[in-house]
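Worksheet for the structure shown next.
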Amino acid sequence: MHDFSRRGFLKTSAAIAALGAMPSIATSCLRPTGTPHPAAKGGKLQMRFYHRENELAHTFTISGFSRDVTQIILVEISYEGVTGYGEAALPPYMAGQTVETATAFLNKVDLSRFDDPFMTDDILEYVDAIEPGMSCAKCGVDIALHDLIGKLCGLPLWRMWGYNPDKTPCTSFTIGMDSREMIIQKTLEAEPYKILKVKLGSTEENDKMIISTIREVSGKPIVIDANQGWKDKYYALDMIHWLAERGVKMIEQPMPKNVYDDMAWITEQSPLPTYGDESCQRLADVAKLHGVFDGINIKLIKCTGLREARKMIETARGLGMNVMIGCTTETSCATSAAAQIAPKVDFADIDGNLLISNDCFDGMKIVDGKITLNDRPGIGVIKL
Ligand code: MG
């Protein structure tokens, strides 16, 4: 059960302030500047990390890449005997971010200089400033730190942030590019899920074959990710109209990531809402995409983690834009972290853990297609 005693309330209020959901009013009422947080007991933060491979249930092909495993680095941050877990997935499309470069980066992170885990702004600004890029490794640290402070408070992050767990959307289930036979098999395997996410962006013949094949066996709503695969705006708009007539609900990244003018033209004409994924990496990109796309696709490995993801959601909403949250082929560690902010998004594609065969965490579950948050503290995972 949750600790709703006065001490628990004080701990929670200060923790929420430290997380940025509430300005520092609560914190300043509790303690003079510079004194440790009540739950900070004077120890030092300790971080360790190790490499692992996520094995994929099916060879996964999107426009431009095909793979059977995803390299990951698992991060653990400990404080006074409590450990938070984080994951840095390193899919091949995150250019320059490999096991070697992420390891080199994480070796530069010295968290022993911090003695208060609730100083998340200070800690994560320090990590971000070590060097540019390296968003996946930074994400691993961010998730582990958030999991740690949730555990120290005894509360799930969604509760600390005031998010309603009933408002999580259904997740889509991803179907990569494949042969007609495999498309049928994967569509049938997707039976428990309410929305299909389909990867397009090859030839017109192949893209239409995939959609027509799915429609032979399923009438479910479809969302499309073209992964920058279409190069001509007139062709892209024609395809979007063709897709809209076949029960497609939205289109993600139809054009190359830096093609802003043509993309804005498509968004203006499109019968379906458009979402930018490759075009939208971090917080600074959100305002640039206003008027270019109807919405943004946030992924924790792109934006360095939960701290920045929450700022991106608020910024997008302020601009009147839609928000979706995506993932890569990750364990339940990273998908459970992403699920904490799922109550705040329009679409969710958090099926990464379902696409791997060696998940080493138990976490959030998909129940009747819907992202279902648990009451465990932090990101809500147990290491298996
Ligand atoms: Mg995408």
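The values are calculated or read from the model by the stated rules, or taken from the named source; none is laboratory data. In this text, all values refer to a predicted model and were calculated from it rather than measured experimentally. In this analysis, Cβ positions are derived from the backbone assuming ideal geometry, glycine residues included, and neighbour counts consider all displayed protein chains.
Numbers at a glance
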item: Unique residue being small (Gly, Ala, Ser), touching a strand residue (DSSP E or B) at 6+ places or on another chain (Cβ under 9 Å), crowded, with 22+ Cβ neighbours inside 10 Å and under 16 Å from CYS280 (Cβ atoms) when the list is ALA337, ALA316; result: ALA316
item: Residue count for the range 279-293, restricted to those that are free of Cβ contacts under 8 Å to residues at least 60 places away in the same chain, outside any helix (DSSP H, G or I) and within 15 Å of the ligand (Cβ to nearest atom); result: 4
item: Total residues in the range 133-147, condition over 14 Å from SER336 (Cβ atoms), aliphatic (A, V, I, L, M) and part of a helix (DSSP H, G or I); result: 3
item: Residue in the range 269-278 that is at positive phi and in contact with a Phe, Trp or Tyr (Cβ under 9 Å, 6 or more places away or on another chain) present; result: no
item: Scope the range 368-384; condition of a type outside the set (D, E, K, R) and modelled with pLDDT of 95 or more; matching residues; result: ILE371, THR372, LEU373, ASN374, PRO377, GLY378, ILE379, GLY380, VAL381, ILE382, LEU384
item: Subset of the range 308-360 [away from the ligand (no atom under 16 Å from the Cβ), hydroxyl-bearing (Ser, Thr, Tyr) and part of a loop (DSSP other than H, G, I, E, B)]; result: THR331, SER357
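The rows are residues; the columns are (1) touching a strand residue (DSSP E or B) at 6+ places or on another chain (Cβ under 6 Å); (2) acidic (Asp, Glu); (3) under 29 Å from ILE379 (Cα atoms); (4) not assigned by TED's automatic domain parsing to the domain that holds SER336.
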residue: LYS231; (1), (2), (3), (4): no, no, no, no
residue: TYR235; (1), (2), (3), (4): no, no, no, no
residue: LYS257; (1), (2), (3), (4): no, no, no, no
residue: ASP261; (1), (2), (3), (4): no, yes, no, no
residue: GLN281; (1), (2), (3), (4): no, no, yes, no
residue: ASP285; (1), (2), (3), (4): no, yes, yes, no
residue: HIS290; (1), (2), (3), (4): no, no, no, no
residue: PHE293; (1), (2), (3), (4): yes, no, no, no
residue: CYS303; (1), (2), (3), (4): no, no, yes, no
